[in-house]
Amino acid sequence: MATQTEIDAMRRAVAAAREVGPTLPNPPVGCVLLAPDGTELAVGVHRGAGTDHAEVDALRQAGESARGATAVVTLEPCRHTGRTGPCTRALLDAGVARVVHGSADPAEGAGGADELRRAGIDVEGGVLVDETDALIEFWAFRHRHGRPFVTWKYAATLDGLSAAPDGSSKWITSEIARRDVQRFRAECDAIMAGTYSVLADDPRLTVRDDDGLPLPRERQPLRVIVGESTIPPYYRVFDRVAPTVQIASREPRKVLAELADRGIHHVWLEGGPRLAGAFWGEGLIDRVIGYIAPAMLGSGRAALEGEATTLADLRPVELTDLTRVGPDIRIIGRPGRMARQEMTHEEGH
């Protein structure tokens, strides 16, 4: 069982990993090394693909004092050799006596805890697992489900419209809300929109800083255009700010399969009620972020287009956050089961 000192160290490791920011396609990981008397020796973090893993970062800082120490790490140490060597080997070579980890590794590096135990290391897993699982949610989802996690973002008026009758949809919400969007966009490694929206709005589909300037190309998500219509090469989605790919398919599962093959873990779905409706209808939206403006249009296009015909097609959204952002309201939620599914279940009884 983990001691209170180790639990406190795990909280520091989680906080350190969060401070780094997005690390996709790798998971955010933090590691705290404790001396035998419980004093902190080092705090390590993983900063992205190709950089030291959190355990190695902490071990480098601690040097010889790591011998006999306890490594408290948010994710089970990997035993996989990729751009960097396995963390299990680094911990063994450093002479660490005990390893306390949070989440189990769902990827190809799984099994590190058992390898350490076989080598005589005392291992304790599952410590503060709710917090550590939340830290790696988007990264772990792809490894557990075989497809990227999908966040659908939309902006709408109080009467539920996202575009005017002429198709225009820019600037429904305030500048404050649009800046708020950038923080969530930065969590993703792909930003996706349909061809209809790209042709109508000519969006950049990039992540920008607080001054409205695009982040460096190496920090930009992949821009994904979905659909068969031809987008002229002079549209802004093809500029040099970020990489772009067009997937000429209308099948959500095929789109996500191709993105998974490209190593994408978290897709930001933005732009196109038809595209959103297709993903929604297939049950392939995992999180909803909506910005509601205090305004009315009266007529226009709904935020979501689908094939629902009765209330039996109703699908609830479990709200996890409700916040005022400037004059707008931000709603975050997780889709639940469709009412039709619940009715069928009840009828079966």
Name every residue in the stretch 201-213 that is assigned to a loop (DSSP other than H, G, I, E, B) and either loosely packed, with under 11 Cβ neighbours inside 10 Å or in contact with a helix residue (DSSP H, G or I) (Cβ under 7 Å, 6 or more places away or on another chain) (or both), in order of residue number.
202, 203, 204, 205, 207, 210, 211, 212, 213
Would you point out the residue of the stretch 145-199, among those that are out of contact with any Asp or Glu (no Cβ under 9 Å at 6 or more places or on another chain) and hydroxyl-bearing (Ser, Thr, Tyr), that is farthest from residue 280 (Cα to Cα)?
157
Suppose we keep only residues that are more than 17 Å from residue 271 (Cβ to Cβ) and of a type in the set (Lys, Arg) within the stretch 205-243. Which one would you say is modelled with the highest pLDDT?
240
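Okay, residues lined up against (1) more than 17 Å from residue 10 (Cβ to Cβ); (2) out of contact with any strand residue (DSSP E or B) (no Cβ under 8 Å at 6 or more places or on another chain); (3) of a type outside the set (Asp, Glu):
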{"residue": "45", "(1), (2), (3)": "no, no, yes"}
{"residue": "56", "(1), (2), (3)": "yes, no, yes"}
{"residue": "80", "(1), (2), (3)": "yes, yes, yes"}
{"residue": "86", "(1), (2), (3)": "yes, yes, yes"}
Flag for residue 282 being free of Cβ contacts under 8 Å to residues at least 24 places away in the same chain, under 22 Å from the mean Cα position of the chain (by Cα) and over 23 Å from residue 172 (Cβ atoms)
no
Applying the selection to the stretch 313-338, what residues are of a type in the set (Lys, Arg), assigned to a strand (DSSP E or B) and either free of Cβ contacts under 8 Å to residues at least 24 places away in the same chain or open to solvent by 60 Å² or more (accessible area, probe 1.4 Å) (or both)?
324, 334
Do you know which residues across the stretch 277-312 are closer than 24 Å to residue 137 by Cα, in a loop (DSSP other than H, G, I, E, B) and aliphatic (A, V, I, L, M)?
284, 285
What pairs come out if I take residues in the stretch 236-253 that are more than 8 Å from residue 226 (Cβ to Cβ) and pair them with residues that are open to solvent by 40 Å² or more (accessible area, probe 1.4 Å) and part of a strand (DSSP E or B) whose C-beta lies under 6 Å away, six or more apart or interchain?
237/244; 238/244; 241/214
Filtering the stretch 130-165 down to residues that are of a type in the set (Val, Ile, Thr) and at pLDDT 95 or above, which residue is surrounded by the fewest Cβ atoms within 10 Å (Cβ to Cβ)?
151
Residues of the stretch 39-49 being closer than 11 Å to residue 72 by Cβ and in contact with a Ser or Thr (Cβ under 7 Å, 6 or more places away or on another chain), which ones?
41
Contacts under 8 angstrom Cβ, first residue in the stretch 1-14 being touching a residue at least 24 places away in the same chain (Cβ under 8 Å) and within 16 Å of residue 29 (Cβ to Cβ), partner charged (D, E, K, R) and in a helix (DSSP H, G or I), 6 or more apart:
10/131; 11/131; 14/131
Residue in the stretch 138-161 that is more than 22 Å from residue 20 (Cβ to Cβ) and of a type in the set (Ser, Thr, Tyr) present:
yes
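The values are calculated or read from the model by the stated rules, or taken from the named source; none is laboratory data. Remember, it's a predicted structure, so these values are computed and weren't measured experimentally. So basically every Cβ, Gly included, is an ideal-geometry build from the backbone, and we count neighbours across all protein chains shown. Surface areas here come from the heavy atoms of the whole protein model, side chains and all, with no ligands, DNA or RNA. Shrake-Rupley method; radii C 1.70, N 1.55, O 1.52, S 1.80 Å.
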